[in-house]
Amino acid sequence: MRTPLSRVNRRGRATVIVLAALFLLFTLFDRVINAWTDWLWFDEVHYRQVFTGVLTTRVVLFAAFGAAMGAIVAVNLYLAYRLRPLLRPHSLEQQTLDRYRMLLTPRIGTWIGGFALLVGLIAGLSAQGRWQQWMLFANAQPFGVKDPEFGADVGFYVFEYPFWRYLLGAAFTAVVISVLGALAMHYLYGGVRLQGAGDRMSVAARAHLTALVALFVLLKAVAYYLDRRGLLLEHNDSADVSGAGYTAINALLPAKEILAWISVVVAAAIIVFSNAWMRSLLWPGVAMGLLVISAVAIGGVYPYAVQQFTVKPSALSKEPPYIQRSINATRQAFGLNNLKATSYDAVNTQPSADLATDKGTVPNIRLLDPTVVSDTYTQLQQARKFYDFGEKLDIDRYTLQSGTQDYVVGAREINYSQLSPQQSNWQNKHTVYTHGYGFVAAPANRLVCGGQPEFVSGFLDDGTKKPTSGSGESCSSPTEQINTPQPRIYYGERMSEYAIVGSAGTRDAEFDRPTSSGDQYFTYKGDGGVSVGSYWRRMLYAAQYHETNFLLSNVFNKNSKLLYVREPRERVQKVAPFLTLDVDPYPAVVNGRIVWILDGYTTSSTYPYSQQVNLRDATSDTQTGTVTVAQAREDINYMRNSVKATVDAYDGTVRLYSVDDSDPVLKAWNQAFGGHLILPSKDIPAQLQQHFRYPEDMFKVQRDLLARYHVTDPGQFFNGPNFWQVPNDPSPDAQGQKQPPYYLVAQLPGQSQPRFQLTAAMTPKGRPNLASLISASLVDGKPQLQLLQLPEGTITDGPSQVQQNMTSMPDVRKDLTQFRSDSSKPVFGNLLSLPVAGGMLYVEPLYIRSTTDTSYPLMRKVLVSFGKYVAYEDNLPAAIDSLIKQATGQAPPTTSPPPDGQPPTQTTPPTSNAVSEAAAQIQQAITDLKAAQASGDFEKYGQALKALDQAVTQYQAAQQASGGGAAAGTSPSPSASASASASASASASASHKPTSP
């Protein structure tokens, strides 16, 4: 009898084979090309162990799981075929199945093998995606911390538990497919019948299928056992914390154990009752039914009853021990256990001269907002339209002639989207415009030339005359203060295109920079890049980029190199795919070279009792999606900043440094890749370490957790009266997003000297007033978290309240109305919250920006608040001075001018020695104040202002002691009047004093 397959002629079969081969060719071609170019790239960066390690692991997992799954299915299908009954009763059902048996039987091995191959292929593809779980499982490390319930090392949950879960799931899948496949095979060949006389299932079929069902139930017993450990990773709804609570420990945990033993008994019953004793499916069916009923009653109804009738009525007495477990685990898992918490009263609401004389914080107050002045850098340091500094600049600190302070820094890169149509052809884009030039920096606390940054580095041409203002003020440093012998940037955040570099002759082809003497050109001589000097290499990359110019263009020579994967974050992620990277790489000059520094995090989602955090939600704020990218939407409950990665901006060299040698997760990954992937902390160059900073995304996650987990008493945690929240950004354009933290150099209470740190304000949950300040910094290379907590019951204005107070001032409202027009708009900078002089000082710069295409923001005003006092001035010293004058009642009173321009009659009352001495002190203080003004010395100016304040107070006290001052109808003595007038004059001009910060 002819089967359907026999009707297919040879030509049709050949066509099918050819089409299948073409499909495989086009499907696999790109993958082979990608793998080949990846191998060349990893060889270039000297991280071949990552490529081979990942590829080998994925291939082995694919082969192992695919072969195992396919073999299990194939064996069971073949066994079902071999156990087919030789004689089948005659029935209409069997006659219908005969045609299918005739189709399958001649090639039964091919059909079974094909189906098993398909199942194995799907299983292998699923398994190879679990390469990270396997690597951690195979290289597990102890944490040295025990879980509070079973006493198992936390490493079991982080490294082993996820893979055991996957392995169990794969086993379930194999058994289920085997059961369904075997049942279908038995039915097809008459081992299982729905019609006809006799038993509905042959003895062999019953033994085979019941054995598979028993195996499924045994796997369920294993699952129940693992579920016991998994309870420590679940959420406790009663207390809104992670980990097993009262119900889970006292009801679910014993229920899981009981169900595990019941499953073992049921599995044995299925085998015995089905085959050895009664040889009936009735009692095995009853056993399965009892298992289901037990699962519902013991695993569902009983825990529900305990929760409803025991826990809910008295949760406060039942849950605290388990809340304490969550508090301890969360603080341990996210590095909060070393938090240094101190009380800060912030009771001083009267600005004093101490503000002006402060040496740790006030002189370093940052007025340049890196998210605002990016366009300012671009317009003032651009020189060509295609140069760009990105959407957001960065903050770093440098020690120059003026001491250590923070600088707003950026790398002048090429924005390929800004190339003109002529510049955008293939040759120009990839062989001429290959790199940026210069590391541009400006002090964060200094403004010149009408609100511009004072640039100190990154000049395109040292021979040109630096710009000055109309009054002759220099708008930038006359020389490079941050020297970079190699300022070219081939690898950067804007370098999205590949570049072809290298020359066989003496002519430079790459555009370097514009100078006063004309455009300069350059030839790359670095170690980075993959050689494309041979025709075969060019053919490979022509296929990779689908670009025929690799084969046709004459730009190639024997020295040609191809630079690709040039963005620092992408480059490090490729080298270390197991790391979660911070979204904000930043450039630094280290030993004369520009390097990009990135923070790498090791994470896990299976740390027992630790709070689950959504990484994207915790790290998102007003900058996310506008000037920074968002993190992946990933739930984690363990996080460590264990790695600092660097990418050389010239040759692309990638280095990974360990900054937490004790992190077990990092140890596991390092061991998985041969033990030499991560350089130990002792190998970090000293100058590089000086530019490490506390990671921003890590801080955001910790800040989000500290809103609740600063409370360590489980009773108070359950009630939640002292919970905080991250305040919304008070800027009018923030649209209800969280306020970002900010880097600054400051000396906070409890700190012995100014340090570079990341700070953020917190407010009580549901209220706008200030609750605390969180500060994070690196001290001797080690992370340190500090919490300044305001006492309960105190009311100190928070960021949104201060912003409202500031913008409600009549002068501010008037200026904002003027600035908001068709030709300009106001831009608010970062609102800094600074604990200074026993109170809270808030500082916010106000920028003005034109609405034209080439406009850029310039700082015009500074808003300052301390207690109930608010100042609005042109610069920070004037604003600080205004606060002090408001609080102290200065300036002294003056006499009203007489009518008709006649000189007043003066009667000189007798003056005491104390009054005369006080007047002399006023005169001396005025002299010192004017001298400080002339020198621009901020510190001496503050000291002179404080001395003037004390002298005026002594003068008024001396007047009262000598008789209350001048009598009615008389004037003060000439000397006293002159002193008061001079004092008033000095005070009136004080708002124009030192403008350097």
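A few remarks follow.
Conditions (1) among the basic types (Lys, Arg); (2) in contact with a helix residue (DSSP H, G or I) (Cβ under 6 Å, 6 or more places away or on another chain), marked per residue:
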residue: Pro478; (1), (2): no, no
residue: Ile482; (1), (2): no, no
residue: Arg488; (1), (2): yes, no
residue: Glu493; (1), (2): no, no
residue: Ile500; (1), (2): no, yes
residue: Ala504; (1), (2): no, no
residue: Arg507; (1), (2): yes, no
residue: Arg513; (1), (2): yes, no
residue: Ser516; (1), (2): no, no
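- Selected residue (only one of Thr210, Thr173 is surrounded by fewer than 18 Cβ atoms within 10 Å (Cβ to Cβ) and polar (S, T, N, Q)): Thr173
- Of all residues making up the range 795-805, the number that are over 30 Å from Phe756 (Cβ atoms) and assigned to a helix (DSSP H, G or I): 1
- Residue match in the range 163-183 (condition: out of contact with any strand residue (DSSP E or B) (no Cβ under 9 Å at 6 or more places or on another chain) and assigned to a loop (DSSP other than H, G, I, E, B)): no
- Long-range neighbours under 9 Å by Cβ, at least six apart or interchain, first residue closer than 17 Å to Gly436 by Cβ within the range 389-409, second exposed (fewer than 15 other Cβ atoms within 10 Å of the Cβ) and of a type in the set (Ser, Thr, Tyr): Glu391/Thr626; Lys392/Thr626
- The set of residues from the range 806-856 being of a type in the set (Ser, Thr, Tyr) and either in the same structural domain as Arg384 (by TED's automatic domain parsing) or in a strand (DSSP E or B) (or both) comprises Ser824, Ser833, Tyr842, Tyr847, Ser850.
- Matching residues, the range 741-770, being small (Gly, Ala, Ser) and touching a Gly at 6+ places or on another chain (Cβ under 8 Å): Ala746, Ala761
- One residue stands out among those in the range 319-352 that are under 23 Å from Thr794 (Cα atoms) and of a type in the set (Gly, Ala, Ser): the one that is surrounded by the fewest Cβ atoms within 10 Å (Cβ to Cβ), which is Ser343.
- Going through (1) among the hydroxyl-bearing types (Ser, Thr, Tyr); (2) closer than 22 Å to Gln423 by Cβ; (3) modelled with pLDDT under 95 one by one, Thr479 falls short only on (2).
One line per residue, one yes/no per condition, for (1) over 40 Å from the mean Cα position of the chain (by Cα); (2) among the aromatic types (Phe, Trp, Tyr); (3) in the same structural domain as Ile122 (by TED's automatic domain parsing):
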| site | (1), (2), (3) |
| --- | --- |
| Leu180 | yes, no, yes |
| Leu183 | yes, no, yes |
| Leu194 | yes, no, yes |
| Arg206 | yes, no, no |
| Leu209 | yes, no, no |
| Arg228 | no, no, no |
| His235 | no, no, no |
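- Within the range 502-521, restricting attention to residues that are in contact (Cβ under 8 Å) with a residue 60 or more places away in the chain and in a strand (DSSP E or B), the residue that is farthest from Gln382 (Cα to Cα) is Glu510.
- If you go through the range 734-781 and keep only what is assigned to a loop (DSSP other than H, G, I, E, B) and under 22 Å from Gly829 (Cα atoms), you end up with Ala734, Gln735, Gly736, Gln737, Gln739, Pro740, Pro741, Gln747, Leu748, Pro768, Asn769, Leu770.
- Residue in the range 360-386 that is farthest from Gly592 (Cα to Cα), counting only those that are touching an Asp or Glu at 6+ places or on another chain (Cβ under 7 Å) and not in a helix (DSSP H, G or I): Arg366
- When each of Tyr609, Tyr601 is tested for being surrounded by 18 or more Cβ atoms within 10 Å (Cβ to Cβ), in contact with a helix residue (DSSP H, G or I) (Cβ under 8 Å, 6 or more places away or on another chain) and on the phi > 0 side of the Ramachandran plot, the lone residue that passes is Tyr609.
Residue-wise test of (1) modelled with pLDDT of 85 or more; (2) among the polar types (S, T, N, Q); (3) within 39 Å of the chain's Cα centre (by Cα); (4) on the phi > 0 side of the Ramachandran plot.
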{"position": "Asp43", "(1), (2), (3), (4)": "yes, no, yes, no"}
{"position": "Val60", "(1), (2), (3), (4)": "yes, no, yes, no"}
{"position": "Tyr78", "(1), (2), (3), (4)": "yes, no, no, no"}
{"position": "Tyr100", "(1), (2), (3), (4)": "no, no, no, no"}
{"position": "Trp111", "(1), (2), (3), (4)": "yes, no, no, no"}
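- Test result for Gln757, surrounded by fewer than 20 Cβ atoms within 10 Å (Cβ to Cβ) and within 20 Å of the chain's Cα centre (by Cα): no
- Flag for Ile848 being modelled with pLDDT under 90 and not hydroxyl-bearing (Ser, Thr, Tyr): no
- Of all residues in the range 265-303 being outside any helix (DSSP H, G or I) and not hydrophobic (A, V, I, L, M, F, W, C), the one that is modelled with the lowest pLDDT: Arg279
- Residues in the range 116-150 that are assigned to a helix (DSSP H, G or I) and within 27 Å of the chain's Cα centre (by Cα) were compared, and the one that is surrounded by the fewest Cβ atoms within 10 Å (Cβ to Cβ) is Gln132.
- Taking the range 153-183 as the range and being among the small types (Gly, Ala, Ser) and touching a residue at least 40 places away in the same chain (Cβ under 8 Å) as the test, the residues that pass are Gly155, Ala170, Ala171, Ala174, Ser178, Gly181, Ala182.
- Test: residue in the range 440-451 that is part of a strand (DSSP E or B), free of Cβ contacts under 8 Å to residues at least 60 places away in the same chain and loosely packed, with under 15 Cβ neighbours inside 10 Å: no
The values are calculated or read from the model by the stated rules, or taken from the named source; none is laboratory data. Just so we're clear, the structure is a prediction, and the values are computed from it rather than from any experiment. Positions of Cβ are generated from backbone atoms using ideal geometry, with glycine treated the same way; all protein chains shown enter the neighbour counts.
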